[in-house]
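Below: the structure, in structure tokens.
The values are calculated or read from the model by the stated rules, or taken from the named source; none is laboratory data. Given the structure is predicted, the values throughout are model-derived calculations rather than measurements. Glycine also receives a Cβ, built like all others from the backbone with ideal geometry; neighbour counts cover every protein chain displayed.
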Amino acid sequence: MISTDALHEPERTRIAVIGAGHLGEAVLGGLLRAGLPARDVAVSALPAERAHILAERYGVAAGTDDAAAADGADIALVAVPPPAVPAAAAEVGPALPEGAVAVSLAAAVPLARFEEALGPGRPAARAVTNTAAAVGRAMTALVGGIHLDGEARARVGGLFSGIGSITWVGEEAMDAVTAVAGSGPALLYHLAAAMAGAAVDQGLPPGEARAVVVQTLFGAASLLREADRGPAELAAEAAAPGGTTREALDRLDAHGVPEAVAEAVAAAAERSGRLAEDAGHR
Ligand SMILES: NC(=O)C1=CN([C@@H]2O[C@H](COP(=O)(O)OP(=O)(O)OC[C@H]3O[C@@H](n4cnc5c(N)ncnc54)[C@H](O)[C@@H]3O)[C@@H](O)[C@H]2O)C=CC1
Ligand SMILES: O=C(O)[C@@H]1CCC=N1
């Protein structure tokens, strides 16, 4: 009897991850966690030992050949360092099947440069995402290329929606988005480390301090996401007149912390612009 399983198989989306370092692995892990079958993923990573580790860890096909990973993929995610993007794209573009989409996850590299390296007519997009993809909580900003039609746009949007939230933006917003969505998690980890260290100074055991800080950040982020009030109102609600929170907020303001955060974000955005200039992309 002929098996009809194939007739009932939901449409597959085969994914290539080109360059699986910190970000590529986070996205890979998030996609698998969201239900993408490992058999539908091909990874290209350097050096060969890294590819071997990823194959063992995730049960995916992994090697060092970008074109081999892209061959047969519906969507190729290019997560190599910015200077390596043009060469990787030149391998990936010709290897992808007709209609398949290439997405650059690299900071700074303009979409037009990525499209040029992929070759003529290739549907493409640029994404800024972050390592919270690993737990399905990424923030991803997407820019669509000139050959990305509505169907392909929906496929790319759907893929990134599986690992967090998405927004489509104009490319002029990408330096700012890179500073906030890309670099932002590290700013918050930096803050978390300072808070945990301070809690230890105040007498909490390190394990306890970490657990308290993590749940506090998680709770605050969750409330911020769900409440109908913004961050200033939520801060005011937590700061009773003459109380402890007011004391702490006043100290942060006296040290210019809001200005320092603004300066840090501006520096990251400016660095994103300079990265592109240094690589001759602007
Ligand atoms: N780490 C992060 O949180 C974020 C990173 N990005 C972007 O993602 C890209 C990767 O960043 P990270 O993962 O942090 O760097 P990483 O250095 O951890 O990973 C890059 C990986 O690409 C590999 N590689 C280089 N050329 C390759 C090629 N031709 N084929 C296959 N693999 C190749 C390297 O061996 C390395 O393992 C960068 O373009 C960065 O701007 C963007 C947003 C956030
Ligand atoms: O630090 C970087 O350059 C990358 C891009 C945004 C986050 N990480």
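Figures for the structure shown
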item	result
Residue that is away from ligand 1 (no atom under 15 Å from the Cβ), touching a helix residue (DSSP H, G or I) at 6+ places or on another chain (Cβ under 8 Å) and of a type in the set (Gly, Ala, Ser), where the choices are Gly170, Gly162	Gly162
One residue from Ala198, Ala209, Ala152 being more than 16 Å from ligand 2 (Cβ to nearest atom), modelled with pLDDT of 95 or more and surrounded by fewer than 18 Cβ atoms within 10 Å (Cβ to Cβ)	Ala198
Residue count, the stretch 212-255 (criterion: of a type in the set (S, T, N, Q) and surrounded by 11 or more Cβ atoms within 10 Å (Cβ to Cβ))	2
Residue in the stretch 111-141 that is surrounded by the fewest Cβ atoms within 10 Å (Cβ to Cβ), counting only those that are over 19 Å from Glu25 (Cα atoms) and either of a type in the set (A, V, I, L, M) or within 13 Å of ligand 1 (Cβ to nearest atom) (or both)	Ala112
Helices (runs of 4 or more DSSP H) (entirely within the stretch 209-282) containing at least 2 residues that are among the hydroxyl-bearing types (Ser, Thr, Tyr)	244-254
Residue ID - farthest from ligand 2 (Cβ to nearest atom), chosen from residues in the stretch 72-84 that are closer than 16 Å to Asp40 by Cα and crowded, with 18+ Cβ neighbours inside 10 Å	Asp74
Filter result for the condition that a residue is more than 19 Å from Gly184 (Cα to Cα) and outside any loop (DSSP other than H, G, I, E, B), over Ala102, Ala127, Ala141	Ala102
Hits in the stretch 246-282 (condition: within 16 Å of ligand 1 (Cβ to nearest atom) and within 17 Å of His190 (Cα to Cα))	Ala264, Val265, Ala267, Ala268
Number of positions in the stretch 155-195 that are more than 16 Å from ligand 2 (Cβ to nearest atom), free of Cβ contacts under 8 Å to residues at least 12 places away in the same chain and closer than 28 Å to His281 by Cα	1
Residue in the stretch 17-60 that is farthest from ligand 2 (Cβ to nearest atom), counting only those that are among the β-branched types (Val, Ile, Thr) and in a helix (DSSP H, G or I)	Ile53
